[in-house]
Amino acid sequence: MGKKGKKEKKGRGAEKTAAKMEKKEDLEALIAHFQTLDAKRTQTVELPCPPPSPRLNASLSVHPEKDELILFGGEYFNGQKTFLYNELYVYNTRKDTWTKVDIPSPPPRRCAHQAVVVPQGGGQLWVFGGEFASPNGEQFYHYKDLWVLHLATKTWEQVKSTGGPSGRSGHRMVAWKRQLILFGGFHESTRDYIYYNDVYAFNLDTFTWSKLSPSGTGPTPRSGCQMSVTPQGGIVVYGGYSKQRVKKDVDKGTRHSDMFLLKPEDGREDKWVWTRMNPSGVKPTPRSGFSVAMAPNHQTLFFGGVCDEEEEESLSGEFFNDLYFYDATRNRWFEGQLKGPKSEKKKRRRGRKEEPEGGSRPACGGAGTQGPVQLVKEVVAEDGTVVTIKQVLTAPGSAGQPRSEDEDSLEEAGSPAPGPCPRSNAMLAVKHGVLYVYGGMFEAGDRQVTLSDLHCLDLHRMEAWKALVEMDPETQEWLEETDSEEDSEEVEGAEGGVDDEDSGEESGAED
């Protein structure tokens, strides 16, 4: 190439750099705009409200002293714009009511953050990290700020402490004794990306960060993993997602299915060690986007997710709505199976002899066996689009195990309750032994359907799901992509925000 060609190439590179800088300035201007709107909140206002709008990658936490679930943040994409939230909603599990709580000086709008509740001071909700997206979904900002919501006084406070994790999203955080332990996550810029496997501890007494350096071989860098505290005082890390570049502009994703235990070495809280674990039992199939909550008896509950099939220019996924439990005491996985409603079983058992010979019954796969049940539901969105939801439901009882006298086959017990449709990135919480599943997303062709339904399941009885809020078709707006850069940059109705220049780093990531 001659000197003229080199100059032209250099000029084009400078133009690209200038364009990126201009987009970053636009993003910061948008951030400042939403900060100004948030600053108008001068007093705490609590108002009864309908269920929140559809969203995913929010946090759903359990109030330590009240029968309440706390929903914060999240995102929604309608095909053209990305909406970010920093709203706070409270769901009363006994009254089945929602309340929107507007509190002055909240954290900036975000998704894919982590929120942990601790009992100190009447209850505190700690929030770290996450990301903010511009309306066109091309520019992202990863936070590294730490906030605490004082539940007793309903006040937000930003806690500034040096030495903490870098800006990231998709990380995991748990409360361990009087510390917050944070692991992993990712950060992606317009030039490159990085996944983390570092471990940090935040001391809830001294409000200080420290980076841990565990011995042993730990997990490879990843985001979106399971992280939970065991009854023995260790911390389990399972699964997650990462990607690596295989050639120019081509990345390969990895769905991890390994498990590790992080615990203090010799009982010392300043020295930690990683150990590889090999649990027994029925393990979940490899996937990403699954959700986790702590179930009764110190078991970890695992729900849903997606298994993406990646090609160079396309991505398709199989979504799940199955349940798994990990018992750390026995180091064993087992699949959650619903028994079906007892009242329905007894009714059908009493009336079975009265059925005429040759009467219609659901088909079974043979004595003592039964095939899966497929339910098909069509939902018409506000724009007229028909979205078909297909669910394959396992039959009541545990496969491969003898049934007890109280268990009936499908022909006796009837079909199990549908429950939440397959989805990824849902929000989970367990209160008084009841599992609550809210929101998330699934894909129908090229369309992303973001959910706002709420389901619950009694984990002690394991009989049937109960729908508390059904999916509302009128909330399912989907706009076709436009080539107009002016339209894609429009900020009307979009929501997003950030705290200050030290809160994170600009990037071009996807969750």
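All of the numbers you see were taken from the coordinates with simple rules; none came from a lab. The shown structure was predicted, so the numbers you read here are calculated from the model rather than taken from an experiment. Positions of Cβ are backbone-derived with ideal geometry, glycine not excepted, and every protein chain shown enters the neighbour counts.
Backbone amide hydrogens, once placed in the peptide plane, bring Glu443 within less than 5 Å of Val449, excluding anything fewer than 5 places away on its chain.
Calculated FRET efficiency, Asp102 and Ala32, Cβ-Cβ r, R0 22 Å, to nearest 0.05?
Values: r = 21 Å, r/R0 = 0.93.
Approximately 0.60, to the nearest 0.05.
In a fully extended conformation the segment linking Arg245 and Arg94 would gain 49.4 nm over its present Cα-Cα distance, using 0.36 nm per residue.
When the listed pairs Lys100/Lys177; Lys144/Lys271; Lys81/Lys243; Lys81/Lys211 are checked against a 27 Å cut-off, the alpha-carbon distance exceeds it for Lys100/Lys177; Lys81/Lys211.
Going by a ≥ b ≥ c, the root eigenvalues of the Cα gyration tensor, does the range 185-317 fall in the rounded group (a/c under 1.5), the prolate group (a/b larger than b/c) or the oblate group? Oblate shape, in that a/c is at least 1.5 and b/c is the bigger or equal ratio.
Rounded to the nearest whole angstrom, the semi-axes of the ellipsoid equivalent to the range 143-213, taken from the Cα gyration tensor as √(5λ), stand at 23, 15, 10, largest first. With the simple model of a label 7 Å out from the Cα in the direction of the Cβ, Thr254 to Lys40 spans 4.8 nm. Give, to the nearest whole percent, the P(r) tail of the range 171-254 beyond 22 angstrom, counting all Cα pairs. Here the tail beyond 22 Å accounts for 33 percent of pairs.
P(r) tail, the range 226-278: Cα-Cα pairs separated by more than 15 Å, 58% of all pairs.
For a test of the definition: using alpha carbon positions, the gyration tensor, and the 1.5 limit on a/c, classify the range 100-239 as rounded, prolate or oblate. Cα axes put the range 100-239 in the oblate bin.
In the range 241-328, which trypsin sites (Lys or Arg not before Pro) fall in coil by DSSP and have 11 or fewer other Cβ atoms within 10 Å?
For trypsin sites (Lys or Arg not before Pro) across the range 241-328 that sit outside H, G, I, E and B with at most 11 neighbouring Cβ atoms in 10 Å, the list reads Lys248.
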